[in-house]
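Peer 1: Dumping the structure here so I can ask a few things about it.
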Amino acid sequence: MPYEYDDQNIFAKILRGEIPCDKVLETEHSLAFNDINPQAPDHVLVIPKGAYVCFDHFADAASDAEIVDFNRAIGEVCRILGVKPGEGGGGYRLIANAGDNGVAEVPHLHVHVVGGRWLGRMLQPPG
Ligand code: 5GP
């Protein structure tokens, strides 16, 4: 079943400028902004400007230019945050939730870049 994109989701509204965001980076195909409810000292969301529901949708349907831009934008956000382990930063975690099991709240692809503190083990037990 093909993905149906809901253009009323909150990140679509941010992209259209209908809702403000605390912008960290903007590139030709991507936008990065601080999460409104940060889970760590650093918590940035990186989204493509295109209408993609989740990561596999993007991987299947986006152009090479969009995919390169998005990945470079994530790397640039890591540089801006100063979390790159190779440059003396403390490290970070990337999270891309999708669907019900992934507990995705917003149906527009977003990668969480989380850091600034020790993040614990990758997955917590259900509860
Ligand atoms: P998900 O659970 O879909 O992976 O994550 C959605 C994220 O979007 C959450 O971390 C939530 O705090 C963030 N979020 C929801 N609404 C807004 C908003 O209006 N502005 C910003 N900056 N973040 C939002």
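The values are calculated or read from the model by the stated rules, or taken from the named source; none is laboratory data. The structure presented is a predicted model; accordingly, all values stated were derived computationally and were not measured. Please note: Cβ atoms are built from the backbone with ideal geometry, for glycine as well, and neighbour counts cover all protein chains shown. Remember, those area values only see protein heavy atoms, side chains included, never the ligands or the DNA or RNA. Shrake-Rupley method; radii C 1.70, N 1.55, O 1.52, S 1.80 Å.
Peer 1: Heavy atoms only, probe 1.4 Å: what % of the accessible area of the chain goes to carbon and sulfur, would you let me know?
Peer 2: That share works out to 52 percent.
Peer 1: For the Cα atoms of the chain, what angle does the longest principal axis make with the long axis of helix 64-81, in degrees from 0 to 90, nearest 10?
Peer 2: Between the helix axis and the principal axis of the chain, the angle is about 30 degrees.
Peer 1: May I ask you to give the solvent-accessible area per residue for segment 1-68, in square angstrom, as obtained with a 1.4 angstrom probe?
Peer 2: Working: 4030 Å² over 68 residues.
Solvent-accessible surface per residue comes out at 59 Å².
Peer 1: Please identify, among VAL114, VAL46, VAL106, the residue showing maximal mean-square fluctuation in a Gaussian network model of the chain using a 10 angstrom Cα cutoff.
Peer 2: Most flexible of the set in this elastic network: VAL106.
Peer 1: Please give me the summed charge of the neighbours of ASP56: other residues whose Cβ is under 15 Å from its Cβ, Lys and Arg +1, Asp and Glu -1.
Peer 2: Local charge sum for ASP56: -4.
Peer 1: Anyone know which of ASP22, ASP60, ASP35 comes out most mobile in the 10 Å Cα GNM of the chain?
Peer 2: ASP60
Peer 1: Accessible area of ARG117, 1.4 Å probe, to the nearest 10 Å²?
Peer 2: Result for ARG117: roughly 120 Å² accessible.
Peer 1: Moving on. Residues with amide H under 5 Å of LEU31's amide H, sequence separation 5 or more or different chain, H placed in the peptide plane at 1.01 Å from N; which?
Peer 2: Excluding prolines and chain starts, which carry no amide H, the hits are ILE47, LYS49.
Peer 1: Something else: Which percent of the Cα-Cα distances in the chain go past 16 Å? The partial results should precede the final answer.
Peer 2: Numbers: 5025 of 8001 pairs.
That fraction is 63 percent.
Peer 1: When the helix-only estimate is applied to the chain (DSSP H runs of n ≥ 4, each -39,500 (n - 2.57), divided by the residue count), what is the mean residue ellipticity at 222 nm, nearest 500 deg cm²/dmol?
Peer 2: Value at 222 nm, helices only: -7000 deg cm²/dmol.
Peer 1: Given charges of +1 on the Cβ of Lys and Arg and -1 on the Cβ of Asp and Glu, with all other atoms neutral, how large is the dipole of the chain about its Cα centre, in debye to the nearest 20?
Peer 2: I would put it at about 580 debye.
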